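K.L.:
Once you've had a glance at the structure underneath, I'll fire off some questions.
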Amino acid sequence: PPSAYDAPSDIPRFQPFLEDCKLQAPNSSTLAHNSTLNNGYTHPQYFYVVDGDKMLFNQSGDSKRTELRDEMNWDLTQANRSLHGRLDIVKQTCDQVTVMQIHDDANAGPGPNKPLLRIYKHNGKFPANHIWAAIKTDDGGSNTTHVDLGEDPGGYFNCDIRLVDGNMIIDFEGEEKVNMD
């Protein structure tokens, strides 16, 4: 295999995930639709290959973002679902960065049109240098529980979100931290 790839969509391990994604950056607008994103797309500032086979996201400014949005909706009546992230927060330039999220789809029903779950790191939160889960706990999306998942290990870490038989399970570095209806 090549020792270096030109675009994130060239990297084989990311191809199955990227097939259903679009890229939003540096705000809520779409920077690359699915067909563009999966056709060798790279952006020199927001989304590109580093270290030969890794994808880098970069954001700047207040409320700016670079995010991959998986456009497939999860329907828990059809099957269990899971989301795995192997992540490294290389440099955090803002107080809070969200690295994984499950968001309600406002077009799919009466939900709150808010993130139902966010995995994030907040520099101003105690204990410092920890990864957190923000979990909506009511149907309207007004109440949130914050769960300390553990210290950022300073390099790559694993986070798994599984929806199994109506329960949400969050594992951080292989250890179950959340298991709730």
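Matching residues to (1) of a type in the set (A, V, I, L, M, F, W, C); (2) loosely packed, with under 15 Cβ neighbours inside 10 Å; (3) farther than 30 Å from Asp165 by Cα; (4) within 15 Å of the chain's Cα centre (by Cα):
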| position | (1), (2), (3), (4) |
| --- | --- |
| Gly40 | no, yes, yes, no |
| Gln59 | no, no, yes, yes |
| Asp75 | no, yes, no, no |
| Gln78 | no, yes, no, no |
| His84 | no, yes, no, yes |
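K.L.:
Sticking with this one: What do you reckon, is Leu68 in contact (Cβ under 8 Å) with a residue 40 or more places away in the chain, outside any strand (DSSP E or B) and either out of contact with any helix residue (DSSP H, G or I) (no Cβ under 9 Å at 6 or more places or on another chain) or under 27 Å from His122 (Cα atoms) (or both)?
P.N.:
Against the criterion (in contact (Cβ under 8 Å) with a residue 40 or more places away in the chain, outside any strand (DSSP E or B) and either out of contact with any helix residue (DSSP H, G or I) (no Cβ under 9 Å at 6 or more places or on another chain) or under 27 Å from His122 (Cα atoms) (or both)), Leu68 does not qualify.
K.L.:
Oh, and also: Pick from region 13-31 the residues that are in a helix (DSSP H, G or I) and open to solvent by 40 Å² or more (accessible area, probe 1.4 Å): which of them is nearest to Lys114 (Cα to Cα)?
P.N.:
It comes out as Phe17.
K.L.:
Let me ask you something else. Among the residues of region 92-141 satisfying the criterion of being open to solvent by 30 Å² or more (accessible area, probe 1.4 Å), touching a Ser or Thr at 6+ places or on another chain (Cβ under 9 Å) and part of a strand (DSSP E or B), which is modelled with the lowest pLDDT?
P.N.:
Pro115
K.L.:
Does Asp10 count as without any contact (Cβ under 8 Å) to a residue 60 or more places away in the chain, open to solvent by less than 60 Å² (accessible area, probe 1.4 Å) and at negative phi?
P.N.:
Here the answer is yes, as Asp10 does meet what is asked.
The values are calculated or read from the model by the stated rules, or taken from the named source; none is laboratory data. It should be emphasised that the depicted structure is a prediction, and the values quoted were computed from it without experimental measurement. Note that each Cβ is placed from the backbone with ideal geometry, even for glycine, and that neighbours are counted across all protein chains shown. For the accessible areas, the whole protein counts, side chains as well, though only heavy atoms, and no ligand, DNA or RNA atoms are used. Shrake-Rupley method; radii C 1.70, N 1.55, O 1.52, S 1.80 Å.
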